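The structure under discussion appears below in the form of structure tokens.
The values are calculated or read from the model by the stated rules, or taken from the named source; none is laboratory data. Predicted, not measured: the structure shown is a model, and the values here were computed from it. When we count neighbours, we look across all protein chains shown, and the Cβ atoms used for this are built from the backbone with ideal geometry, even at glycine. Remember, those area values only see protein heavy atoms, side chains included, never the ligands or the DNA or RNA. Shrake-Rupley method; radii C 1.70, N 1.55, O 1.52, S 1.80 Å.
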Amino acid sequence: MLSENRVNFTAMKWLTSLFVAAAIAAPAAQNPGGSAAAAAAKRRLVGNWKLVKYEIFDPASPPRPGAFDVGRLMYDEQGEMSAHLMRSGRPREAATTETARAAAYQGYLAYFGPFTIDPDKQIVVHHVVGSSRPDWIGSEQVRYYGFPADNTLTLSLKSGDRVTQTLTWERAQ
């Protein structure tokens, strides 16, 4: 009986060690953002950014300006983001007609939620919790990131392997 208890005790110690190791390893395995490369990318992303340029790339024509020319983007240390984009020169009067409300809606985009980073693919995924566009709520907005200069961030959208849009941001001072 004594040797059976010792075997059970050893087995319990082994199982406990296994469960503890699994509990520690599971979050890291499930979160590719937990890697050193993701942490480095996150350090570069965190902060406030000001929109410098928004370009749309059509295969049959030269690049053209995007729909928005003013914007702010924020990433925080807790893994949350928010983005605000608008057209400058919008009417400052209250939108009192359906046409004016439609124009105001089309001239402003905002959304927020947590973000995750995949450094191997150089993507940041915005997991949209709230948005001025109801169809974006619950969506994942995938952006391909780059840091062409110290205080510059590019976020691109792709269709297949082709870049369709790029937003260039400068770190806000």
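Taking all protein chains together, Trp136, Trp169 sort by accessible area into Trp136, Trp169, largest first [probe 1.4 Å].
Annotation: amide H of Ile123 within the under-5 Å range of Asp118, Tyr145, sequence separation 5 or more or interchain, hydrogens built in the peptide plane. Report, in whole Å, the centroid distance computed from the Cα atoms of segment 37-110 and segment 124-164. What the calculation gives is 11 Å, centre to centre. Solvent-accessible area of segment 51-147 (1.4 angstrom probe, protein heavy atoms only): carbon and sulfur portion equals 56 percent. Packing-based ranking of 97-109, 39-51 yields 39-51, 97-109, ordered from highest to lowest mean Cβ neighbour count within 10 Å.
Spin-label pair Gln106-Asp150: with each label point 7 Å from Cα along the Cα-Cβ axis, the two points sit 4.2 nm from one another. With bins 5 Å wide beginning at 0, the percent of Cα pairs of segment 90-155 falling in each bin runs 4, 15, 17, 16, 15, 13, 10, 6, 3, 1. Could you pull out the pairs from Lys53/Lys121; Lys42/Lys121; Lys121/Lys158 whose alpha carbons sit more than 20 Å apart here? Violating the 20 Å limit, Cα to Cα: Lys53/Lys121.
Here the calculated FRET efficiency for Arg43 and Ile137, from their Cβ-Cβ distance with R0 = 45 Å, stands at 0.95, rounded to the nearest 0.05. Accessible area per residue for segment 85-173, computed on protein heavy atoms with a 1.4 Å probe, is 60 Å².
Amide hydrogen proximity for Ser35: with H placed 1.01 Å from N in the peptide plane, no residue at 5 or more positions away or on another chain lies under 5 Å.
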